[in-house]
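Peer 1: For reference, the structure I am asking about is given below.
The values are calculated or read from the model by the stated rules, or taken from the named source; none is laboratory data. Quick caveat, the model's predicted, so the values are computed rather than measured. Quick reminder, even Gly has a Cβ in these numbers, built from the backbone with ideal geometry, and neighbours come from all protein chains shown.
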Amino acid sequence: MIIAYEGADITPLVSVSKCVYDAREEGRVPQLVIEFSDGKGVVDSWNPQRGECVSVTGDGAPETGKMFVSSCEPKAGGYIVRADALPIPDTRASRLWRNTTFYVVAAQIASKLGCGISVHGASDMAFAYVRQDDERALPVLARLCAFTGCTFDVYDGTVHLCSRSWAESQDSAGTLEVLARSGYSYRRRQIYTACSIQQPGIHGYRDSFAASSGSAGHTLSISLESSIGFPGSSELQRACSGVLACVNARAEGGNAKIDGLTPYTPGTVCMVECAQSSSVSGPAIITRVRNDYANNKSKAWWRLLQ
């Protein structure tokens, strides 16, 4: 494990008791918590501040990328450092976009948070209006991603927008072995086969979309609130497909404890192999990882690809 603080390797200078990195596919900003003793007073002499950069690399695990300190609290001769992937904190605000598009709103939100933006297979979509009403910006982006059939994550100062179909079409990065002692589990809920979205004066219904399984005619019905409006039926129909993909993706998933550090990041396609249960094995996409660098352990969450 190597911990770099403001570009300097501090690993030999401190005694680390906790170092946990947690990242998810579903648009939640990665979090990093480091707890260490600073008996030599090296870090204390730097007067660590909010917004400074910290990153972690570990044997077999992907690099965390730049993480930005959100708090640095002195504790018993050391520090508890908490950091996330946003250069600028996401604070509450109110804003209204009219006659706009997904790309425009996403780029402006990324810029507000001090990030660049990168698009992977995500199509643009038109909106009559998008309202941010005394709330943080990322929940607004998460809603737009649900309608466009995307996920987003933040890594190394960049917001990455990825369509679910693009992510799932990537080549397998390797194998995730799940052992009996890992305490694995997998859940499945009923999925939807169609989606209906209503807004005042416009009704869009995607009745031709068929999910891979489930009872025919099981429809998800949504009534739009005042936070988002679509300019016409064609965009509503696209939104129905996006919401359907988003909701059905959340209908199943598994997790397991892993010996060693997880080698994959959320959004990575891999092969899950569990000798004790074929029902949790197969091509999958990683949805969350939590790497415990100090103890060389991790936990992985995945969703099987149909």
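Peer 1: Name the residue that is surrounded by the fewest Cβ atoms within 10 Å (Cβ to Cβ), counting only residues in the range 1-22 that are part of a loop (DSSP other than H, G, I, E, B) and not hydrophobic (A, V, I, L, M, F, W, C). Talk me through it step by step, then tell me what you get.
Peer 2: Taking the range 1-22 first, the residues part of a loop (DSSP other than H, G, I, E, B) are 1, 6-7, 10, 14.
The next check asks that each one be not hydrophobic (A, V, I, L, M, F, W, C); those that pass are 6-7.
Working: Glu6: 13, Gly7: 9.
Per the criteria, the residue is Gly7.
Peer 1: Please return the ranges of strands (runs of 3 or more DSSP E) entirely within the range 23-86 where 1 or more residues are within 21 Å of Gly260 (Cα to Cα).
Peer 2: Working: elements: 31-37, 53-57, 67-75, 78-84.
Passing ranges, in order: 31-37, 53-57.
Peer 1: Conditions: (1) closer than 30 Å to Ala256 by Cβ; (2) in a strand (DSSP E or B). Val130 meets all but one. Number of the miss?
Peer 2: Only one criterion is unmet by Val130, namely (1).
Peer 1: Related question: Of all residues in the range 146-191, how many are in the same structural domain as Val104 (by TED's automatic domain parsing), β-branched (Val, Ile, Thr) and surrounded by fewer than 20 Cβ atoms within 10 Å (Cβ to Cβ)?
Peer 2: Residues meeting the conditions: 1.
Quick grid of which residues meet (1) within 25 Å of Ser227 (Cα to Cα); (2) in contact (Cβ under 8 Å) with a residue 40 or more places away in the chain; (3) assigned to a strand (DSSP E or B):
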| residue | (1), (2), (3) |
| --- | --- |
| Leu141 | yes, yes, no |
| Ala146 | yes, yes, no |
| Val159 | yes, yes, yes |
| Trp166 | no, yes, no |
| Ser172 | no, yes, no |
| Leu176 | no, yes, yes |
| Tyr186 | no, yes, yes |
| Ile191 | no, yes, no |
| Cys195 | yes, yes, yes |
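Peer 1: Right, another one. State the number of residues belonging to the range 27-63 that are under 30 Å from Ala146 (Cα atoms), of a type outside the set (Val, Ile, Thr) and either in the same structural domain as Leu113 (by TED's automatic domain parsing) or touching an Asp or Glu at 6+ places or on another chain (Cβ under 6 Å) (or both).
Peer 2: 1
Peer 1: Then there is this: If you check every pair at least six apart or on different chains, which have Cβ atoms under 9 Å apart with a residue in the range 284-296 that is without any contact (Cβ under 8 Å) to a residue 24 or more places away in the chain first and a residue that is surrounded by 20 or more Cβ atoms within 10 Å (Cβ to Cβ) second?
Peer 2: Asn295/Cys19
Peer 1: Residues Gly78, Gly60, Gly51, Gly65: which one is over 28 Å from Ala142 (Cα atoms) and either touching a Pro at 6+ places or on another chain (Cβ under 9 Å) or surrounded by fewer than 16 Cβ atoms within 10 Å (Cβ to Cβ) (or both)?
Peer 2: Details: Gly78 fails: either touching a Pro at 6+ places or on another chain (Cβ under 9 Å) or surrounded by fewer than 16 Cβ atoms within 10 Å (Cβ to Cβ) (or both); Gly51 fails: over 28 Å from Ala142 (Cα atoms); Gly65 fails: over 28 Å from Ala142 (Cα atoms).
After ruling out the rest, the residue left standing is Gly60.
Peer 1: Of all strands (runs of 3 or more DSSP E) completely enclosed by the range 237-306, which ones contain at least 3 residues that are in contact with a Lys or Arg (Cβ under 8 Å, 6 or more places away or on another chain) and outside the structural domain of Thr57 (by TED's automatic domain parsing)? Break it down into steps so the answer makes sense when it comes.
Peer 2: On the way: elements: 252-259, 269-273, 282-292, 297-304.
Result: 252-259, 282-292, 297-304.
Peer 1: Any residue in the range 18-28 that is over 18 Å from the mean Cα position of the chain (by Cα), touching a residue at least 40 places away in the same chain (Cβ under 8 Å) and farther than 30 Å from Met125 by Cβ?
Peer 2: Initial filter on the range 18-28 (over 18 Å from the mean Cα position of the chain (by Cα)): 18-19.
From what's left, touching a residue at least 40 places away in the same chain (Cβ under 8 Å): 18-19.
Imposing the further condition that a residue be farther than 30 Å from Met125 by Cβ reduces the set to 18-19.
For the range 18-28, residues over 18 Å from the mean Cα position of the chain (by Cα), touching a residue at least 40 places away in the same chain (Cβ under 8 Å) and farther than 30 Å from Met125 by Cβ: present.
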